[in-house]
Every structure is written in C-alpha cells, then in structure tokens.
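Here is the structure we will look at, set down as structure tokens.
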Amino acid sequence: MEHIRLPKVERVQLLDRGSSRRAQVGTLYLTASHTIFVDNETEVCSEIWVLHSLVCNVEKQSVTAFGYPLLIQCKNFQVIQLIIPQENDCNDVLMSLLRLSRAKRYEELYCFSFKPNIDKAERDQAWDFIDLRAEYSRMGVPNKLWHVSPINREYRVCDTYPTDLFVPKSATLPVIVGSSKFRSRGRFPTLSYYCKETQAAICRSSQPLSGFSARCLEDEQMLEAIMKSNPGSRFMYVVDTRPKLNAMANRATGKGYESEDNYTNIKFQFIGIENIHVMRNSQQKLIEVSDLRSPSMGEFLLGLENSDWLKHIQTILTAGKFISKAVAEEGVSVLVHCSDGWDRTAQVCSVACILLDPYYRTLKGFMGTYLCDRMAFPYRYSHLDEDPKEVSPVIDQFLECVWQLMEQFPCAFEYNERFLISIHNHIHSCQYGNFVCNSEKERKDLGIREKTHSLWPHMWKNKSDFVNPLFRPDHSQTQGVLRPLTTPYCFKFWRGLYNHFDRGLHPRQSVLDCLMAVKEETQQLEELLAVCEIIRLLRSKQCHPEWSDVNCSANSPQDYTGGILSTGPKDWPVQQRETESTELSLFGDATKSSDPDNSDQESGVADFSCHSSSGGDSFPSEDSVKDADSDEAAFNTA
Amino acid sequence: MEFSEHIKTANVEDVVLKLPFQPPMRGTLCVTGHHLLFSDRAEEREWQLLLLLRNIDAVEKSVENLLGYPQHPKAGQSQRTTGSSGTIIIKCKDLRILQLDIPGMEECLNIASSIEALSSLESITEMYPFFHRPRELSLNDPWGLSSPEQDYVQTERLWDRWRLSKVNSDFSVCPSYPGAMIVPRTVDDDALVKAARFRQGGRFPVLCYCHHRNSMVIMRCSQPMTGANRKRCREDELLLQAVIDESELGYVIDTRSAQQAQQARMTGGGFESKSFYRPWRRIHRHMERGKVLQESLIKLVEACGDPSHNMDRWLSKLENSKWLSHVHSALSTAGLVAECVERDGHSVLVHGSDGTDTTLLVTSLAQVILDPASRTFRGFLQLLEREWVQAGHPFQQRCARSAHSHARLRQECPSFVLLLDCMWQIWRQFPLALEFSEALLLRLAQEAYASDYGTFLCNNEQERCTLGVKENTHCLFQFLLRCSEREKYINPLYEPTELAIWPSVQPQSLQLWTGLFLRWTEHAETMAEAREEIWTIIKEHRERTGAEETTHTPPTHRDTFTAVENLMDELTIL
C-alpha cells in the first residue's frame, strides 16, 4: 500500500491508560487494514489489532523523556497511547495513519477488501438473510389499504429512498408525485410500521416546503389518504421531532411544518429533539467525561449533567413512547418528520417500533428493524473523510435508547448488551457492507451486494454470545407494548459502551456469563439424561463453563489512590483480530488477565498518600499538618 | 397499658389508603400501642397493612372543611355527611410514603397526634421488640451468633500472639466495648486500663481481623487524647508496639483529614505522632460523618422522591447530595486498608475520633474485601454483630430518625445505611461473590430503624445488659438464619472465592442504589421479575442435576458439578 510510509517500528511503548507508570514495550506494525501492536516482553505474547477504519483521530503530543507520544482515538471509544522513540518514525506513523484512517473513496473501505472464506452462493444467501418483503408481510402489508407503489423505480422520484415503498392504496400517482415535490429532497410520506391490531400506521417523510404560507393540495391529499387508511380513526398525528424554534427558522428558507389550518384532521406536535450538531457536541462532552482519569464523583456527575446527553436520550425515548402510545393505545396513525427525515425521524420511528412490537426485541427482529429503518432509510454515516460537521451520533443514541430499555426491562429483550456494543463496533468498522453508503441507490451503484459481505448471518451464527439468558418469549415483559418510565433517574450512563475498553471499571464477575453457562449446562444435562448411550461422548465434551474461571479476575486491587497505583493487568486483549470472533471478547476473556500484578509491591505504600480522588481538600496530605514533629515527611508527595 | 393514654381515637372506618403506584383502598384504620393497622375488607381477598409505628419518620396532616371548598366536588360528595375530612401523609424510615384520607377532622387530628406520640417514644423497654412474641420463637433460643470468646477459640492463628481479655467484663474500662476483647498477649490488663484512659471513650486498640493469608491484623480504636500538650501514654505506645515485630511496619489509617486531626487536639483529642509510635506510619483519609452524612441522606431521598423534575435537576441534585461521594470514600478507604494488609503485608490500625462510625465502616468493608468467610450469609451477619452491634455502634442514637424527619437532628447518622450501600456496590461488581442477596441488605436497612427484634436496640452491650435486651427480645440474626423464607435472602449465583475482591471505586463504577432509594417506585417491579427469572433458571438447573435441596445449605451450582459427575459415573458403570 502506497500510504504506509513505515511498516514496522521497534521498541514502541504502549501506555496503560489506567496508570501512567505502566507500559508495555513492543513492536508496532502498520498493515493495509490494521495497526498492530505486539508486546514482545511478556511471556504471553499479547497483541492489539486496531482497524484503520475505526480510527477517528490521531494526534502527536508533546515530547517526553521516553520519546514521542502518539494518541489514537477510535470510534468505538478505544484510546491508545503510544510512545515512539524516534521523531521521524513518529511522524511517519502519524502521516500513514492519518491517510489510512480516512478513506477518500468507498472502495478504500475495509469491507471491500475483507475476504472471509465464503463462496459466492453463500454470500448471496447471506444478503438474503433478511428479506424486506417478508418483514413487511409480517406486519400485515400489503393489504386492502396499503400497497407497494412502483413510483420510485430507478429512483426517479427520490434518489435517497429505496425502490419499494408502501403507500396508501387510495393515494394516486399524481398525488404522490405532487406530494414529493412539496417535500424536502422529494421524501414524501411512506409507511414505516403498520400495526395489524389497530390498523394504525407510522409514516415518515421530510419537512414540507411550506415556507410561511405555501400549500400543496396533493400533499394535503396524501396525508388525508394516510389518515383514511386507518378506518377507525378520525384524525392523525403529525409529529415534528425538531424543537419548535428550529422548525420555525426553517420557514424562512421555504421549508417548515404543516399547518393545522391547511391539513384537515391532523394534530400537530413538536417533540424538541436537537439537531445533529447539538448532539455531536453533547456526545463529545460525554466522551470527555468518560475519558477523565480518576475523576471525583462530583466532577463525573457534573460533567455528565453538563453534557446534556442523558437529557437527549430521555427526549428521544419520550418521543418513541408518544408514538407507540398513539399507535397501540389510541389507534391513531402518525406521520413523523424532522428536516430531511433521516436522522431524528429514523431514530424515533425505530424506538417506537421496539416499544410497540415484541418482534423487534428478538435478535432476528432487531436485524429486521435495521434493514427496514436504517438501510432502506439510511442515516448519514460518515465512513468517508467528509465534512466532520455531518457526523452524527444518531445511531449511537438509538442503540443507547435500546440499552436504557434493557436496563428497565431486563427480561424483555432476546439480545444482550454485548449485541448492541458489537453492532456499534461494526457500524463504525466497515468490516461488513451493511452500513456503508447512504442510500439504496448508492449501494447498488457500488455493488455492495457483490463486493462485500453481510454482517447478519455472521452475528446469527454466533448468536449464543448475544442472547439474554433472562429472556422468555412467554414472559409478561416480553409481550405487548413496553411502557418505559422516563423519569430522570431511569437514565444511566452507559459504561459498557463509553468505557468499554477500561476494563477496571466493569463488574468483575458477569451475571450474564454465569447465567448463560448455567442455562447451557441445563440444556446439556437434559440431553444427557435423555440419551444414556452417548454419555461417553458427552463426557469428553463436558467442560466446565467459562464462568468458573471468572472468579480469578477478582484478584486485582483497584485504584484506591487515584491513578498512581493502578494495577491493571497488562495483557488485556483490547481488540481481537478480525477473525470470526471479532465480537469483542471483553467479558469472556477475563481469565487471561487474572494474575495479580505485584510489581508495585516494593514501592507500594508510599503511593497511598500521594493523591486521592476522593474529592476536595480531603486528601491525606500529611504535609499540610504544620506539626512540630512533622513526622510523616517520608510520605510527602514528591 | 400506658400506651392507651396516647391513643385518642383507636378506630376509624371508611379511611382511604393511597400507596405509591397502587389504586386507593378503602377500609378501617386502627392505632395500637406499636402498630398502625389498615384492613380492607371490601374486596374478596382481605388485605391488611401492618406498619410498625417506630417505622414512621414524619407525619404531615392537613384538614379541610370540604363544604367550604367546592373545588373538590368528587371527594365532597362522599364526605358531605361529615362535612370535613383530613389527610395524613406518613413518611416512613424505610422511605415509603403513604397517604390516609380520614373522614372527620377531629378523628384525623387525633390519629395524627397518636402516631406522632407513639412513634417517638424513647423508652427502649416500651418498644415493640419487648412485646414481640411470635409463636415459632422462644425467648430461650440463643441470642446472637457468636461472642468474642467463641471467635477467639475458633481462630487458631490468634492463639500464639493474642489473648482474650475480660478486663471490661463490668464495662468499667470502656462503656461502649463488649465484655471481652482480643488484645496482644504481651499486654496485661493493667496496661489496657491505662491505655483506655488515653483513648476517647476508653476505646483502646483491639483486634478486629487477622488475615488468613499472612496473619496481618486490622485493629481499631478511638483517637488518642494527646491534646494540645502532646500528652503521651506509655502503655498505649507499648500496646501498639506489641502488635508488630520490630522490623515491621504498621499503618494507622485515620479517617479524618490531617487538618481535622490537628484541630482535634484543641478539644483534647489528637493523633499518633511518629516520634512516639515509631513503627507506625499514619495516613489520613477524610470521611464525612455525623450531621454531614445525615444531611446527605436527606438530600438524596428528597431528590429521589421528586419524579417531576427534569434531567438536569436530577443529576445536580444527585451530585449535590454527595451521597455517592461518601460511598466512594468509604470504599476507597476500605480498599486502602485491605491493600495494606493483603498486598503489602502490613498490619493496620483504623480510627477516626470516636471510633464508632467511620472506623467500623472501614474495618468491616475491608474484611468483606479480604475475607471469604464474611461473604457468606452467616458470616456477614456475624461480621455485623461483631463489628457493629458488639463494637458499640450507637444504633439507638444513629437510627432514631431517618431522612424524612422534621425533628431537629441530634445524633442521627446513616453510617449503617452507608455500609449497606457499599455492600450493594460490591455485590454489583462481584455478583457471584456474596452468598446473600440485595434483599438482605434492604431488610437490614429497614430493621436498623424499626424492628420487631432486639438486635439493633440500644447503643452498646452495656445498655443491652442493663435493660435485659437479650433476655426479653428475639434476635434478628438468629431469625434470619432460621427463617423459612431464607431463600429470598440468598444469592442464587453464589460461587465462593478464596480471593480478595477488589471493588472499583471509579465514579463510572459506582451507582445509585435504586433498590433502596427508588424502592417504592414503579422501577422496582421489573427488577423483581428479573430476579425471579434468575431463580427460575437456577432452579431448573438444580432440578436437572437432581441435587437435593436442603433448607440449610442450598447447593451452589458448583456442587451440582459433582452431582453431574457422580451421575455420569453411575451411568458409565451401567
């Protein structure tokens, strides 16, 4: 690869972020797809592989006594700190990484070069793993009120929409075309979710080009048609997910929102979800808070508050709750839009679907929402080196909403937190073609189906890692509509995602692993008891479940002294290779790092008095004692 | 009974009870000497609420003449006959809030004043534990789980260098210590008496834990009374010297900041200066206590009780309460103590000023981190008995009032609740390491404030002896252990580990104890379902393994492996 200026650097130090004192020394390799750090000091050879596509920022920091530090920040919130002995090498690594991590063309993305050992037929089958039509027919469409309109064949009406679109049968072609001309980017109202029980629908679109007074008869007829496709109701909701002020400002540019005066029988509602720029800043602040080294409780909580992140999550969930309630309880159809109808709209509709339909709380169903909501109506991903102003955490917020729901309803989801984190990782890593491009048209033009692989069959194959052992299809939580609480105390910081790589912060024993192992064993036993003949066979298979080792990780003292005395084991596999098991090994691998590190022992105690994160003036600083015998001089902080 | 003079109205009919997230219920309210009884006989299934009056922290009453205020037409219609009614809001020490709508202004005021009077009776022998006589328990049952004598006899590694001293058998040396204590073998009782005079409240250094790995010890005491003149006490110095060998080093963990320790000298207290206690190094870790802690709890409970506020206000209120900061400093100080003992192999002496709150908090948490025995159900209760009840944590004073009370604070302080919160944090991080469940912690949090049992009565062993607590009440710990409902206090996932369990103290790892502070919200429901589901999975597993469940030692899933192996062996033989 022409972008790699330096394929290999020796004697590179990898700093442990928990402790400034501990570092591994090893060799750094740059390949076409990965940065690889190989620790060659410890007996157990540990490696860290980082995909270039996951790198979001590389920074050279001011020189230290040991060399030239390089900070690599990743989109999955991993942070890697390297110290490179020679300045030239450091510059070369920096320049190479800057280029490698910023793909200029789609074809440079990793998914185009990722070649798992799968033949063509299997690949095609993989892409058919989830079928959009089957998904819609599960919902109950087409039916006598809704059908697929051929209007967007060859993307003539709207190039950011897919070809197959569901619209009310009563909406004629001229009405749809007229409506699309009155909507930003031609994104006319189409079906997103249909509720069989109540016949209410969730539709989505972009904002109308209403300006201060413009009207469009066809658009009004289009909404009328949607409302009438729900025979039971006499009105429909139009939900504008933007804050009112933003929507009003849009009127000055000829866009805007529907007026209740012009559209008959609509109830108009603003939700107040901020735009992606606000969200991006908010997430940036959140990341800074999660990155703080040994913050005090106050710093952390105030930082969390100042980021406003949880407030935004709360707003999104509240919006989803509003829509799901309208559809399931009131039986009223809802049209959702924001500005272009691809960030907030997709987000809110997906959350509403998860609340409404137990199917989306299953593994297969979640992949289904993905296909319907994200792929067919994509978010703006930014895998290319484009304007950083268009980068948006919309997808992160959606995943977090699901996580917050999982925390509230521990038995309602078939998948677990690991599944969400794994998806988050794949969205940003571009190893699979699922999340590349912004529209179906772009995907077709690029030949995503032919040139890349689909993630879902791969996840499906490993689904045993992703299931929630508490899930039961017949459980009361599992069935029906979820009615989450949206009181502030129900929203928590998602440590599992934002501090994913700070192993020391996570529980040392995993209930998830334990229950999964127990369940698996129960199943094994069932088989065992049923078929006596295969005992011998089973016996050779009988292995102690993983969790029996989990306890070992108990023995590693935490940082009680504020960053000085950290004892994190060295060889934590931060990320595995891109083999089949990319699925973030964080929890399962705890055994590798179980040995307590005693290298601090000799210097141990002197550190206790150095610094503490317990907050305020309460540090054990003996030196502040103006005592005549000022006895503890030995403990003064250097 | 004298209680009757406080009860002006014993019975009221047609009272409406409103509990959080439940439909209102109509029934009869009854006030007795120790209980508030509400029974709803209207429905087919009879429903009763029996509330210990001692559990009531605050009573708020409002009465109104409904005829004069037509803005309540609905309520007015049913009340028109009486013409007036009142509402009593009862805020409990277990953080529950109930509302009673009582017809008749006078009845309402009477009930309120009865509750107020009876819930704040201060005479210990009039409290309910002295009257609680369940059929299945006998007063002759053993009281308490163990004694210092038994602890000493059972711990062989102590015999060499430590002895049991009964110098305090009449509580004259230290009124807040138990009758017997474990002290260095080389120090005689006379020296102990002298050392006690040099320590606040007579709490001279005693052993509380000897580490099973390296025989290093954790000791605790109160502050030395050095005062402004730097007084010394030879016996106290020798006592501490006797704890460690000459070549060794020990650590004094002072739970006050260095500045506070310095200031304490002005009021006669102080700290161990290095020149007189040569082998001991002193480390100060500031921990809040007393009023500050109580106010922190009040603020937190207030924040949790207000669901209307927005996200910003919630997070600032949570931060402003500082409760999680106190959790943080308790756990990190305990971690430091455990680190000194386990990793560095040194003995530790812990004290603050009185040695009855933060000191006990730190020593007991350090033991949970270090000692697998204290992580079992029985072991944890024994730890509480030893380190809190016998060690003289003044439960009577500390738990007189809780977070809702409007009364002026006296000696109230939620040190024990803080301990339970820290235990919860440890359980969250090591969900397999404790034999007991969150339910036990919740039960204890409630029992410490209002109980049918005598365990948390009084401030120390001396008071318990004087009042005959052990003879006239039942023991909570004994009850919990024999409890037929033991299962609900057991952690189904328990998997004993011999290793130390080091909790993370980073803010990202510490969370609000929703099980306690949001206990009476909708939030709690789905969590209960999840717990049931865990039990279902474990039970299914046990059924398959054919492990016989005995009431006293339910098999852990580790045990079932052997069961499986046995089974397989049998089958192979066949």
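Every read-out reported here was derived from the displayed coordinates using simple, explicitly stated rules and does not represent laboratory data. All figures in this text were calculated on a predicted structure; none of them were measured in a lab. Glycine also receives a Cβ, built like all others from the backbone with ideal geometry; neighbour counts cover every protein chain displayed.
What the table below lists for this structure:
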quantity	calculated
Spin-label pair B:Glu522/B:Leu481, simplified geometry with 7 Å Cα→Cβ offset, distance in nm	4.3
Ordering of A:415-428, A:245-258, A:221-234 by burial proxy (mean other Cβ atoms within 10 Å per residue, highest first)	A:415-428, A:221-234, A:245-258
Ranked packing of A:306-313, A:10-17, B:336-343, most packed first, by mean Cβ within 10 Å	B:336-343, A:306-313, A:10-17
Flagged links, alpha-carbon separation over 28 Å, of A:Lys492/B:Lys299; A:Lys325/A:Lys492; A:Lys325/B:Lys317; B:Lys93/B:Lys322; A:Lys325/A:Lys364; A:Lys244/A:Lys321	A:Lys325/B:Lys317
Per-residue mean of C-beta atoms belonging to partner chains within 10 Å, peptide A:303-315	3
Local electrostatic count at B:Arg386 - Lys and Arg +1, Asp and Glu -1, tallied over other residues with Cβ under 13 Å	-4
B:Thr125/B:Ala10 FRET efficiency (R0 25 Å; Cβ-Cβ; nearest 0.05)	0.60
Environment charge of B:Trp159, counting only residues whose C-beta is closer than 15 Å and scoring Lys/Arg +1, Asp/Glu -1	0
Nonlocal amide H pairs with A:Val238, under 5 Å, H built at 1.01 Å	A:Lys267, A:Phe268, A:Gln269, A:Leu335
Table column - 3J(HN,Hα) (Hz), the stretch A:354-368, Karplus curve with 6.51, -1.76, 1.60, x for Gly and Pro	4, 5, 6, 10, x, 4, 6, 8, 9, 4, 5, x, 5, 4, x
Share antiparallel - DSSP beta bridges, chain B, percent rounded to 5	75
Inter-chain shielding of B:339-348 (mean C-beta neighbours from other protein chains, 10 Å cut-off)	4
In nm, spacing of pseudo-spin labels at B:Gln150 and B:Cys465 (7 Å Cα→C-beta vector)	1.9
Counted charge near A:Ala247, where neighbours are those whose Cβ lies closer than 9 Å (Asp, Glu -1; Lys, Arg +1)	+3
The stretch A:181-251 versus the stretch B:204-255: alpha-carbon centroid distance in Å	76
B:Asp160, A:Asp340, A:Asp445 arranged by Cβ crowding within 10 Å, fewest neighbours leading	B:Asp160, A:Asp445, A:Asp340
Ellipticity estimate at 222 nm from DSSP helix runs (n ≥ 4, -39,500 (n - 2.57)) divided over chain B, nearest 500	-11000 deg cm²/dmol
Cα shape, the stretch A:400-481, gyration tensor, a/c 1.5 rule	prolate
Interchain or long-range residues, amide H under 5 Å from A:Gly341's placed H	A:Gln207
Among B:Val417, B:Gly352, B:Trp388 - extreme Cα towards positive end, dipole of the stretch B:328-434, charges at beta-carbon	B:Val417
In sequence order, calculated HN-Hα J values of the stretch B:414-421 (Karplus, 6.51, -1.76, 1.60; Hz; x Gly/Pro)	x, 4, 5, 5, 4, 4, 5, 4
Burial order of peptide ranges B:133-142, A:128-137 (average beta-carbon count within 10 Å, highest first)	A:128-137, B:133-142
Peptide A:489-502 - average C-beta neighbours from other chains (10 Å radius)	3
3J(HN,Hα) from dihedral phi, the stretch B:382-393, Karplus parametrisation 6.51/-1.76/1.60, rounded to Hz, x for glycine, proline	5, 4, 5, 5, 6, 8, 10, 6, 6, 6, x, 6
Theoretical gain in end-to-end length, A:Ser62 to A:Glu10 [0.36 nm per residue, Cα-Cα removed]	16.7 nm
Fewest-first ranking of A:Val467, B:Val362, using other Cβ atoms within 10 Å as the exposure measure	A:Val467, B:Val362
Whole-Å distance, taken between Cα centres, linking the stretch A:464-496 and the stretch B:301-333	24
Contour minus Cα-Cα distance for B:Arg197 and B:Arg230 (0.36 nm per residue)	10.4 nm
Stretch gain in nm, segment A:Glu442-A:Lys144, where the contour uses 0.36 nm per residue and the Cα spacing is subtracted	104.0 nm
Estimated dipole of the stretch B:148-499 in Debye, rounded to 20 [Cβ of Lys and Arg +1, of Asp and Glu -1, Cα centre]	1000
Amide H within-cut-off set for A:Gly256, under 5 Å, with H built and near neighbours excluded	A:Ser210, A:Gly211
